[in-house]
Amino acid sequence: MLTKNTVTADFETAGIQKLPDYPPVPVGCAIRYPTGKREYLAWGHFTENNCTLAQATRKLKMLWKSYPMLSHNSAFDLV
């Protein structure tokens, strides 16, 4: 349920390939906080990364424990 306290997350991945290279590797996550602030965590791009996968994982785990989450295309992202 979307509330004023909801955090929205949208994962970005490397290109989608056929098996055995499926599912694609996540490379970043766009986040929208309840305040409206937006942040992009980039860890797997060729350039301009702003965090490591470990740092992004810690931040996302904290958000999942603290807020209701809405995820764009989660049926694909959570495979």
Report summary line: Those residues of segment 53-66 that are small (Gly, Ala, Ser), modelled with pLDDT of 95 or more and loosely packed, with under 13 Cβ neighbours inside 10 Å come to a total of 1
Query raised in the report: Do you know which residues across segment 1-16 are surrounded by 11 or more Cβ atoms within 10 Å (Cβ to Cβ) and more than 18 Å from MET62 (Cα to Cα)?
Result: GLU12, THR13, ALA14
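Restricting to segment 36-47, what's the tally of residues that are part of a loop (DSSP other than H, G, I, E, B) and either small (Gly, Ala, Ser) or loosely packed, with under 14 Cβ neighbours inside 10 Å (or both)?
Summing the residues that are part of a loop (DSSP other than H, G, I, E, B) and either small (Gly, Ala, Ser) or loosely packed, with under 14 Cβ neighbours inside 10 Å (or both) in segment 36-47 gives 6.
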Report task. Return the pairs, sorted by first residue and then second, in which the second residue is modelled with pLDDT under 85 and not in a strand (DSSP E or B), the first residue lies in segment 67-79 and is open to solvent by 90 Å² or more (accessible area, probe 1.4 Å) and among the small types (Gly, Ala, Ser), the beta carbons are less than 9 Å apart, and the residues are 6+ apart or on different chains. Result -> none
Requested in this report: Please list, ordered by first then second residue, the pairs with beta carbon atoms under 9 Å, 6 or more apart or interchain, first in segment 1-23 and of a type in the set (Phe, Trp, Tyr), second modelled with pLDDT of 90 or more.
Outcome: PHE11/PRO26; PHE11/VAL27; PHE11/GLY28; PHE11/CYS29; PHE11/ALA30
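Results for (1) of a type in the set (D, E, K, R); (2) assigned to a strand (DSSP E or B); (3) open to solvent by less than 70 Å² (accessible area, probe 1.4 Å); (4) modelled with pLDDT of 95 or more, shown as yes or no for each residue.
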| residue | (1), (2), (3), (4) |
| --- | --- |
| LYS18 | yes, no, no, no |
| GLY28 | no, yes, yes, yes |
| PRO34 | no, no, yes, no |
| CYS51 | no, no, yes, yes |
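The values are calculated or read from the model by the stated rules, or taken from the named source; none is laboratory data. Small disclaimer: the values here were computed from a predicted structure and weren't measured. Quick reminder, even Gly has a Cβ in these numbers, built from the backbone with ideal geometry, and neighbours come from all protein chains shown. Note: areas computed on protein heavy atoms with side chains; ligands, DNA, RNA excluded. Shrake-Rupley method; radii C 1.70, N 1.55, O 1.52, S 1.80 Å.
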